Amino acid sequence: GAGVSQSPSNKVTEKGKDVELRCDPISGHTALYWYRQSLGQGLEFLIYFQGNSAPDKSGLPSDRFSAERTGGSVSTLTIQRTQQEDSAVYLCASSLGASGGVTQYFGPGTRLTVL
Amino acid sequence: AQSVTQLGSHVSVSEGALVLLRCNYSSSVPPYLFWYVQYPNQGLQLLLKYTSAATLVKGINGFEAEFKKSETSFHLTKPSAHMSDAAEYFCAVSETGTASKLTFGTGTRLQVTL
């Protein structure tokens, strides 16, 4: 079956612009996660959804970052007023449930470059 | 807070040689542990995971890992390296309970030479 898909695969933007990154999880997966992969910080958790609610937003680095999930499926990560330090690969993952030890399936990522 | 430490950011082995990638965890409770592999310009793929069943876990592509509580380790091994194993490998830990966000190590880049 289809895996996790993300769009766009690459995004180049200018400092100060807003960007939206999209994630389509595996059908039927109730949990969805956003991570960020950057040279300086490695792989870091951003936010987790269970259904449409986000019980854990502890990884969002600033109030410029927000995310939503609709219909228990697609999620959008929005970064407002982008800064150069936002340049990274943004990875989305989904899982069947969110109990400890559940396998998370990752998408290919969106590479964001802020000029 | 839970964490993982991967010793060695770069490991180079010859084709056919043993692969050993090290991971140590820090946790106050028995953790869930994962190894993921990332090929260039791709997302993460699960190799194997430990969820408190067998301490020796077998994964895909001939990899296995052993959970050693006394050493707080979860090292990844493969008896014979193949050129196609060249990639970056990440060890990760997840919290118990219902929030299973992953905390990753810094990764180990595996190079396989002829």
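The values are calculated or read from the model by the stated rules, or taken from the named source; none is laboratory data. Every value quoted in this text rests on a predicted model; they were computed, and no experiment measured them. Here Cβ is always computed from backbone atoms with ideal geometry, including for glycine, and neighbour counts include all displayed protein chains.
Can you spot a residue in segment A:41-50 that is more than 10 Å from the chain's Cα centre (by Cα) and more than 20 Å from B:Leu102 (Cα to Cα)? No, that holds for no residue. Would you call A:Asp24 away from every other protein chain (no Cβ under 11 Å) and either surrounded by 17 or more Cβ atoms within 10 Å (Cβ to Cβ) or of a type in the set (Val, Ile, Thr) (or both)? For A:Asp24, the condition - away from every other protein chain (no Cβ under 11 Å) and either surrounded by 17 or more Cβ atoms within 10 Å (Cβ to Cβ) or of a type in the set (Val, Ile, Thr) (or both) - is met. Considering the conditions (1) closer than 14 Å to A:Val102 by Cα; (2) surrounded by fewer than 16 Cβ atoms within 10 Å (Cβ to Cβ); (3) touching a residue at least 60 places away in the same chain (Cβ under 8 Å); (4) among the hydrophobic types (A, V, I, L, M, F, W, C), B:Leu33 is excluded by exactly one of them, (2). Do we find that A:Gly71 is surrounded by fewer than 21 Cβ atoms within 10 Å (Cβ to Cβ) and in contact with a Leu (Cβ under 9 Å, 6 or more places away or on another chain) in this structure? Judged against the criteria, A:Gly71 is not a match. Which number in (1) facing chain A (nearest Cβ under 10 Å); (2) of a type outside the set (Asp, Glu); (3) surrounded by 13 or more Cβ atoms within 10 Å (Cβ to Cβ) marks the one condition that B:Ala53 misses? That leaves (3) as the condition not met. Take A:Ser87 and tell me if it is at pLDDT below 95 and of a type in the set (Ser, Thr, Tyr). Considered against the rule, which asks whether it is at pLDDT below 95 and of a type in the set (Ser, Thr, Tyr), A:Ser87 comes out as no. Looking at B:Arg22, B:Arg109, just one residue is of a type in the set (Lys, Arg) and over 24 Å from A:Gly107 (Cα atoms), and that residue is B:Arg22. Please indicate, with yes or no, whether at least one residue in segment B:6-17 is within 11 Å of chain A (Cβ to nearest Cβ), crowded, with 17+ Cβ neighbours inside 10 Å and touching a residue at least 24 places away in the same chain (Cβ under 8 Å). Checked against the condition, which is being within 11 Å of chain A (Cβ to nearest Cβ), crowded, with 17+ Cβ neighbours inside 10 Å and touching a residue at least 24 places away in the same chain (Cβ under 8 Å), segment B:6-17 yields at least one hit. With a requirement of 2 or more residues that are away from chain B (no Cβ under 14 Å) and within 17 Å of A:Cys23 (Cβ to Cβ), the strands (runs of 3 or more DSSP E) lying completely within segment A:36-109 that satisfy it span A:65-69, A:75-79. Applying the condition of being over 11 Å from the mean Cα position of the chain (by Cα) and within 21 Å of B:Ser9 (Cβ to Cβ) to segment B:85-97 and asking which residue is surrounded by the fewest Cβ atoms within 10 Å (Cβ to Cβ) yields B:Ala86.
Residue check: B:Leu47 meets all listed conditions (1) over 27 Å from A:Cys92 (Cα atoms); (2) hydrophobic (A, V, I, L, M, F, W, C); (3) within 12 Å of chain A (Cβ to nearest Cβ) but one, namely (1). Scanning segment A:3-21 for residues that are surrounded by 16 or more Cβ atoms within 10 Å (Cβ to Cβ) and within 11 Å of chain B (Cβ to nearest Cβ) yields A:Val4, A:Gln6.
Considering each residue of segment B:17-38, count those that are assigned to a loop (DSSP other than H, G, I, E, B) and among the aliphatic types (A, V, I, L, M), and give that number.
Residues of segment B:17-38 that are assigned to a loop (DSSP other than H, G, I, E, B), as a first pass: B:17-18, B:22-23, B:27-31.
Retained after the next criterion (residues that are among the aliphatic types (A, V, I, L, M)): B:17-18, B:29.
Total meeting the criteria: 3.
Taken over segment B:56-114, the criterion of being part of a loop (DSSP other than H, G, I, E, B) and more than 12 Å from every other protein chain (Cβ to nearest Cβ) is satisfied by B:Phe63, B:Thr72, B:Pro79, B:Ser80, B:Ala81, B:His82, B:Ala86, B:Leu114.
For B:Leu47, state whether it is free of Cβ contacts under 8 Å to residues at least 60 places away in the same chain, under 16 Å from B:Leu102 (Cα atoms) and either among the aliphatic types (A, V, I, L, M) or part of a helix (DSSP H, G or I) (or both). Yes: the conditions hold for B:Leu47.
Taking (1) buried (at least 16 other Cβ atoms within 10 Å of the Cβ); (2) at pLDDT 95 or above in turn, A:Leu43 satisfies each apart from (2).
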